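A short write-up of the structure that comes next.
The values are calculated or read from the model by the stated rules, or taken from the named source; none is laboratory data. In this text, all values refer to a predicted model and were calculated from it rather than measured experimentally. Here Cβ is always computed from backbone atoms with ideal geometry, including for glycine, and neighbour counts include all displayed protein chains. Protein only, heavy atoms only, side chains kept; ligands, DNA and RNA dropped before computing areas. Shrake-Rupley method; radii C 1.70, N 1.55, O 1.52, S 1.80 Å.
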There are 2 protein chains.
Amino acid sequence: MISERQLKILEAIISDFIDTAQPVGSRTISKKYPLGISSATIRNEMADLEELGYLFQPHTSAGRIPSDLGYRLYVDSLVREHTIGSRDKELIQSLLLNKIIEASDLAKQAVKLLADFTKLVAVVSIPKFNKCRLANLKMVKVSDTKVLLILVTDTGIVKNIQLSLSNTEQFVLDKISDTMLSHLMGETIENIDVRSILKIKEKLNMLGNVVDYLIPILKDALKSLNGTELYVDGVSHLLSTYEFSDTEKAKSIFEFLNDESQLVQLIENMPPNQLSIKIGSEIGFEALDDCSMVTSSYKVDGNSGGSIIIIGPKRMDYGTVVSTVNYISNTLSDVFSGIYL
Amino acid sequence: MISERQLKILEAIISDFIDTAQPVGSRTISKKYPLGISSATIRNEMADLEELGYLFQPHTSAGRIPSDLGYRLYVDSLVREHTIGSRDKELIQSLLLNKIIEASDLAKQAVKLLADFTKLVAVVSIPKFNKCRLANLKMVKVSDTKVLLILVTDTGIVKNIQLSLSNTEQFVLDKISDTMLSHLMGETIENIDVRSILKIKEKLNMLGNVVDYLIPILKDALKSLNGTELYVDGVSHLLSTYEFSDTEKAKSIFEFLNDESQLVQLIENMPPNQLSIKIGSEIGFEALDDCSMVTSSYKVDGNSGGSIIIIGPKRMDYGTVVSTVNYISNTLSDVFSGIYL
DNA sequence: TTTAGCACTCATTGATAGCGAGTGCTAACA
DNA sequence: TGTTAGCACTCGCTATCAATGAGTGCTAAA
């Protein structure tokens, strides 16, 4: 078991390391932090903390660096959540509420805010459209071969899907759209299947052949809503970070962050909890062994919605990151749930 | 004046420097390149080329590096445009044609292709919507306070604009949309002004108050189409580039590339020519003093359209970059001009 | 139990010397 | 007169080595 005093020393060491990114020696602690004990005592305690696995030395005559286990303890019991200033809250609200209508724009704005506030890398995924309920639907003729299908959810989110459809007049599209809408309004997108479309065909028997043609196309289009869409920002912040001033390391993380399929995996492996912090190898991706990751998922109408991820060095300012992620996550929940309609 | 032989030597030096990123010595040239002259002769010529300003030495006992003037000569008279393989052409065509309908998606795809092919940083801006002609128009109710305005050009490009509009029923929106479309079809977007909207109001006198409310909103919305929208990709390629393995340099370029207003300036300062290559300080932005930039603008129906930029180290493979930029530029011209409708 | 003192470790820094890639110059050669 | 071999010279780079100092662990005294 770890003593109260050891905990205080560990906290001091991690705080100092977060500031300086340099191995912390016993003298530094005894001088900077008013613990009322000498460097020799601290040395003894440090030796114990190392034996317990919370610290390690990069080499014999250097100070200590927190291990992943040390960070774990720090994160679990020592980090105090920062409170966000009211001006920052206003800024976030003003940028996320009322102005934005398309899911993708919302995500872009949110991911930019996260990256700006934390000065780290942010990733945001948008809710799978599946669980949302249909509130409006239009088809717009774009050219002789292309039609834009516009879906609006009851939560005020818009999604555009492009269909390839041989020459069809706009008034025909209007007719089909209206009929579809009257039948499908209020359904969740995932419940719209071939059966419900067939029903619509009956109503439109005069246009039968167009609808026949449309069914497989719609099916495909709706399937495409299953993918995870994600947005990344703040990657350049990594370059200002001491840990990644080694170009090789920076590059491998850059490549990871540019690989959409890896990020999707990352999101799929996320713990479903409201908020989670993973440190180094806990993340389970070699490219991120030197990073910590704060994740959260926001809900849409109580259902699982999208994800938020912050990636940065292990010595990130967890307090600020956690509070920012929480605040933006809650705001996104509200926006996507249509609270501000 | 520069002799034929000096030109050959200069070409060899620049080729070698492009390969190795190391100062090139006279012995290297005499061994690697079959010019049939000894290193001593080459040394004499190199001294002359340095006096003429085409080369310089980083220090006395080092080989030569091309100066900006040297690159200029190389680019102007020595670079041969590479030809793109037919498989690559097919790839580009398949990814840019037929499938994409929204201007932003098109730009994203194009910028990704450019970055992938050149292994450098690519920037693409999309045409100002102003000059396009209206082919279709719909308003879709999204929530009690929001409406989505969808504009389709005769070139098959779609643009979404969100309007804040107090509770209006969809059938009213439909009526307004239809009337607007019948009056505005074929107009260029920039020609749609308050006067033409007022005319529409007359036709819709039963809905006068809604239209009154709509006019200033539409005016704002159309004004927003004036901005330059741009997309960036391939930034991580810079990290693999020897010149920018110094983190400080990389960071300053990264920050430049993340600053949209700087990029807009860059585009506005672009020469209007079909294709242009600027080297180092010619670009006029300090952050890019160590870079070269290849730019091109593509046309939409003969009018000025959007811009394409490639940014990389001065020792980039100009031949490949030029051919890639040209090919994608032409393809974008075609797509935006609606040739593949 | 704490701490002062001390010997020990080892990364970092700075000075120094040698190496070698490259130059410019000169003199001989075609 | 242009080309080239030869040679002395320059100077950045690397390796070596000693001094420095921040840090440790251990011991013995308070």
**Report entry** the stretch A:33-84 and the stretch A:257-310: distance between their alpha carbon centers, rounded to Å
**Finding:** 27 Å
Query raised in the report: Once phi is turned into θ = phi - 60°, what whole-Hz ³J(HN,Hα) does the Karplus curve with 6.51, -1.76 and 1.60 give for every residue of the stretch A:186-192, x standing for Gly and Pro?
Result: x, 6, 6, 4, 5, 7, 6
Report summary line: Ordering B:Asp105, A:Asp76, A:Asp144 by the accessible surface of their heavy atoms, 1.4 Å probe, largest first, yields A:Asp76, A:Asp144, B:Asp105
Query - Average beta-carbon neighbours from other chains, 10 Å sphere, peptide A:252-261 - result: 2
Report summary line: With x for Gly and Pro, the residue-by-residue ³J(HN,Hα) of the stretch B:306-323, computed from phi through the Karplus equation 6.51 cos²θ - 1.76 cosθ + 1.60 at θ = phi - 60° and given in whole Hz, is x, 10, 10, 9, 10, 10, x, x, 4, 8, 6, 7, 4, x, 5, 4, 4, 5
**Report entry** Radius ratio Rg over Rh of the stretch A:8-167, counting only Cα atoms, Kirkwood formula for Rh
**Finding:** 1.28
Report summary line: Heavy-atom accessible area of the stretch A:4-78 with neighbours in place, 1.4 angstrom probe: carbon+sulfur share in percent works out to 49 percent
Query raised in the report: Size of the stretch A:173-278 along its principal axes in angstrom, Cα-based, largest extent first?
Result: 68, 28, 19
Query raised in the report: Which value in Å is the Kirkwood Rh of the stretch A:164-203 over different Cα pairs?
Result: 11.1 Å
Query raised in the report: In Å and whole numbers, how far do the C-alpha atoms of the stretch B:218-262 stretch along each principal axis, longest first?
Result: 50, 16, 9
Report summary line: Residues whose modelled amide H sits under 5 Å from the amide H of A:Leu55, counting only those 5 or more places away in sequence or on another chain, are A:Glu50, A:Ser67
Query - Rounded accessible area per residue of the protein assembly as shown, 1.4 Å, Å² - result: 45 Å²
Query - Net charge contributed by nearby residues that have their C-beta within less than 9 Å of B:Asp233 (K/R +1, D/E -1) - result: +1
**Report entry** Rh by Kirkwood over Cα pairs, then Stokes-Einstein D for chain A at 0.890 mPa s and 25 °C, µm²/s
**Finding:** 107 µm²/s
Report task. Take every residue in peptide B:172-179, count the Cβ atoms of other chains within 10 Å of its Cβ, and give the average of those counts. Result -> 1
Query - Shape category assigned to the protein assembly as shown from the gyration tensor of Cα positions, a/c cut at 1.5 - result: oblate
Report task. Label the stretch B:245-293 by shape, choosing from rounded, prolate and oblate, from the square roots a ≥ b ≥ c of the eigenvalues of the Cα gyration tensor; if a/c is under 1.5 it is rounded, and otherwise prolate applies when a/b is larger than b/c, oblate when it is not. Result -> oblate
Requested in this report: Write out the GluC sites (Glu not before Pro) in the stretch A:257-294 meeting two conditions: DSSP loop, and at most 12 other Cβ atoms within 10 Å of their Cβ.
Outcome: none
Report task. Could you order peptides B:311-324, B:25-38 by the average number of other Cβ atoms within 10 Å of their residues, highest first? Result -> B:311-324, B:25-38
Query raised in the report: Nm distances between the label at B:Glu187 and the same-position labels in the remaining copies, 7 Å along Cα→Cβ, shortest first?
Result: 3.8
**Report entry** Percent breakdown of C-alpha pair distances by 5 Å bin, ordered from the shortest bin, for the stretch B:103-171
**Finding:** 3, 15, 18, 15, 14, 14, 10, 6, 3, 2, 0
Query raised in the report: A:Val142's amide H: which non-local residues (gap 5+, or another chain) put their own amide H closer than 5 Å, with H modeled 1.01 Å from N in plane and none for Pro or chain starts?
Result: A:Val147, A:Leu148
Query raised in the report: In peptide A:145-156, what is the residue-averaged number of other protein chain Cβ atoms found within 10 Å of each Cβ?
Result: 4
Query raised in the report: Each residue of the stretch A:10-20 in turn: what ³J(HN,Hα) in whole Hz from Karplus with 6.51, -1.76, 1.60 and θ = phi - 60°, glycine and Pro shown as x?
Result: 4, 4, 4, 4, 5, 4, 5, 5, 5, 6, 9
Query raised in the report: What percentage of all Cα-Cα pairs in the stretch A:290-330 are separated by more than 14 Å?
Result: 45 percent
**Report entry** Pairs from A:Lys223/A:Lys314; B:Lys131/B:Lys199; B:Lys223/B:Lys278; A:Lys201/B:Lys108 whose Cα-Cα separation, in the structure shown, is over 28 Å
**Finding:** A:Lys223/A:Lys314; B:Lys223/B:Lys278; A:Lys201/B:Lys108
Query raised in the report: To the nearest 20 debye, what charge dipole does chain B have about its Cα centre, counting +1 at the Cβ of each Lys and Arg and -1 at the Cβ of each Asp and Glu?
Result: 620 debye
Report task. Give the span of the stretch B:4-78's Cα atoms along each principal axis, as three whole-Å numbers ordered largest to smallest. Result -> 27, 26, 24
Query raised in the report: When Lys and Arg each count +1 and Asp and Glu each count -1, what net charge do the other residues less than 14 Å away from A:Pro313, Cβ to Cβ, add up to?
Result: -2
Query raised in the report: A:Arg64's amide H: which non-local residues (gap 5+, or another chain) put their own amide H closer than 5 Å, with H modeled 1.01 Å from N in plane and none for Pro or chain starts?
Result: A:Val24, A:Gly25
Requested in this report: Can you list the distances in nanometres, one decimal and ascending, from the A:Asp144 label point to the identical position in each other copy, with the point 7 Å along Cα to Cβ?
Outcome: 4.6
Report task. Provide the FRET efficiency to the nearest 0.05 for the B:His59-B:Thr20 pair, computing r from the beta carbons and using R0 = 25 Å. Result -> 0.90
Report summary line: Given unit charges at Cβ for Lys, Arg (+) and Asp, Glu (-), the dipole magnitude of the stretch B:4-78 about its Cα centre in debye, nearest 20, is 320 debye
Requested in this report: Taking a label point 7 Å out from Cα toward Cβ, give me the nm distances from B:Lys89 to the same spot in the other copies, shortest first, one decimal.
Outcome: 6.2
